[in-house]
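The values are calculated or read from the model by the stated rules, or taken from the named source; none is laboratory data. Just so you know, these numbers come straight off a predicted model, no measurement behind them. In this analysis, Cβ positions are derived from the backbone assuming ideal geometry, glycine residues included, and neighbour counts consider all displayed protein chains. Calculation scope for accessible area: heavy atoms of the full protein, side chains included, ligands and nucleic acids excluded. Shrake-Rupley method; radii C 1.70, N 1.55, O 1.52, S 1.80 Å.
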Amino acid sequence: MSKPAKAAVFSAGSWGTAFGMVLADAGCEVTLWARRAEVAEAINSGRTNPDYLPGVELPENLRATTDPAEAAAGADFTFLSVPSQTMRANLAEWTPLLAPETVLVSLMKGVELGTTMRMSEVIEDVTKVGVDRVAVVTGPNLAREIAARMPAAAVVACTDETVARRLQAACHTPYFRPYTETDVVGCELGGAVKNVIGLAVGIADGMGLGDNAKGSLITRGLAETARLGIALGADPLTFSGLAGLGDLVATCSSPLSRNHTFGTNLGKGMTLEETIAVTRQTAEGVKSCESVADLARRHGVEMPITETVVDIVHEGKPPVVALKELMSRSAKPERR
Ligand SMILES: NC(=O)c1ccc[n+]([C@@H]2O[C@H](COP(=O)([O-])OP(=O)(O)OC[C@H]3O[C@@H](n4cnc5c(N)ncnc54)[C@H](O)[C@@H]3O)[C@@H](O)[C@H]2O)c1
Ligand SMILES: O=P(O)(O)OC[C@H](O)CO
């Protein structure tokens, strides 16, 4: 019998912990890196992470440490799950500690501000590891549902399909069904842009605009995601898969989505400051709406919903004004 794969997960937030459970259930030996000692202690002694996944009993083969070197040692796979905007600084610190042949896997759904890099690009840039050792896990995967072992499918993407297959085997459980992909660009853009569209749908829900508005935003949101993807060399079909439509539907329908909830609060009339104050976890779209809009402008791609989210979230434009402007844009064919 081959020995279990060793997995390091940085860090012990909602998704890092929930995905650590998936890996442990799939038979991996898992070490989570936690930023705070009390989180590591609660995981090791109480088999729980009360700050991020209250009420969830964690498996025995999942342990935690605050020592990044201990977490990284000998890992076949190193999973990265921190806020996208801190990834570069975090990884610069962890790079000297990484196991020599480890596959680096992004669990994150964001685009870096300033550079407009996707997370796999940031990983390659900081570690100098080749694309064939950098992978992505994405799809409709709300952490709380996964932690309750509710069924979900996902995509594991790497330009090297053999690596994607190894990763698939490492995280396949009776409730978590990963499919392989080689379109890393499309998978990452699907994940990052759905957070922005999730904010837009949340705003519409908060304003009480109804389900036709929701269906319209999801569909047109997917259209602008695909336009950006095509400009960046992604396969357009990726956006009708789990990383595109699948994740968009889960995010835009669920009260568990932090991005959707953030938008709903804004749509109900909370100020940005009030909304930030009641948001305890990472809502990536709040920052990534700016980097996605920047990326689109650099490539001459029109993303009106994304631009509208930037206007509301960062420019203080009232949602009713933004809605009027979005609806009165010049008429055009659906496909072009
Ligand atoms: N939660 C989900 O349902 C889910 C599902 C799929 C993907 N994701 C993605 O996973 C990534 C992480 O999200 P999350 O939900 O786990 O967020 P979270 O807010 O629950 O956890 C963030 C983690 O990052 C750590 N952290 C925060 N600032 C840090 C810093 N400066 N340096 C080091 N560590 C820091 C926190 O201690 C915490 O452990 C995001 O990109 C998100 O889009 C989340
Ligand atoms: O809670 P959100 O909005 O970050 O969404 C979580 C996952 O990305 C859904 O797949």
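The angle between the Cα long axis of helix 211-231 and the longest principal axis of the Cα atoms of the chain comes to about 70 degrees, rounded to the nearest 10. Only DSSP H runs of four or more residues enter the estimate; each adds -39500 (n - 2.57), and after division by the residues of the chain the mean residue ellipticity at 222 nm equals -14500 deg cm²/dmol. If only the Cβ of Lys and Arg carry +1 and only the Cβ of Asp and Glu carry -1, the dipole of region 192-327 around its Cα centre is close to 120 debye.
Its Cα gyration tensor gives region 192-327 an equivalent ellipsoid. The semi-axes, each the square root of 5 times an eigenvalue, are 22, 16, 14 Å from largest down. Think of each Lys and Arg Cβ as +1 and each Asp and Glu Cβ as -1; about the Cα centre, that makes the dipole of the chain roughly 600 debye.
Overall, the anisotropy analysis places region 181-228 in the prolate class: the square-rooted eigenvalues a ≥ b ≥ c of its C-alpha gyration tensor yield a/c not less than 1.5, with a/b exceeding b/c. Each of Val22, Leu107, Leu272 was scored by the projection of its Cα onto the charge dipole of the chain, and the greatest displacement toward the positive side belongs to Leu272; charges sit on the C-beta of Lys, Arg, Asp and Glu. Shape class for region 1-91, computed from the alpha carbon gyration tensor (a ≥ b ≥ c): oblate, with a/c not under 1.5 and a/b at or below b/c. For His299, the accessible area of its heavy atoms, probed at 1.4 Å with every protein chain present, is near 90 square angstrom.
When Asp183, Asp205 are compared by accessible area at a 1.4 angstrom probe, the order from most to least is Asp205, Asp183.
Just the Kirkwood number for region 102-159, please: inverse of mean 1/r across all distinct Cα pairs, in Å, one decimal.
Taking every pair of different Cα atoms in region 102-159, averaging 1/r and inverting gives 12.6 Å.
Computed over all pairs of different Cα atoms, the Kirkwood value for the hydrodynamic radius of region 131-216 is 14.4 Å. Its alpha carbons give the chain an Rg and a Dmax of 19.3, 64 Å.
Among the lysines of the chain, pairs at least eight places apart or on separate chains and with Cα atoms under 26 Å apart come to 27. Once you divide the Cα radius of gyration of region 6-182 by 2.2 N^0.38 Å, the number left is 0.94. Run the accessible area of the chain with a 1.4 Å probe and give the carbon-and-sulfur part as a rounded percent. The C+S portion of the solvent-accessible surface of the chain is 55 percent.
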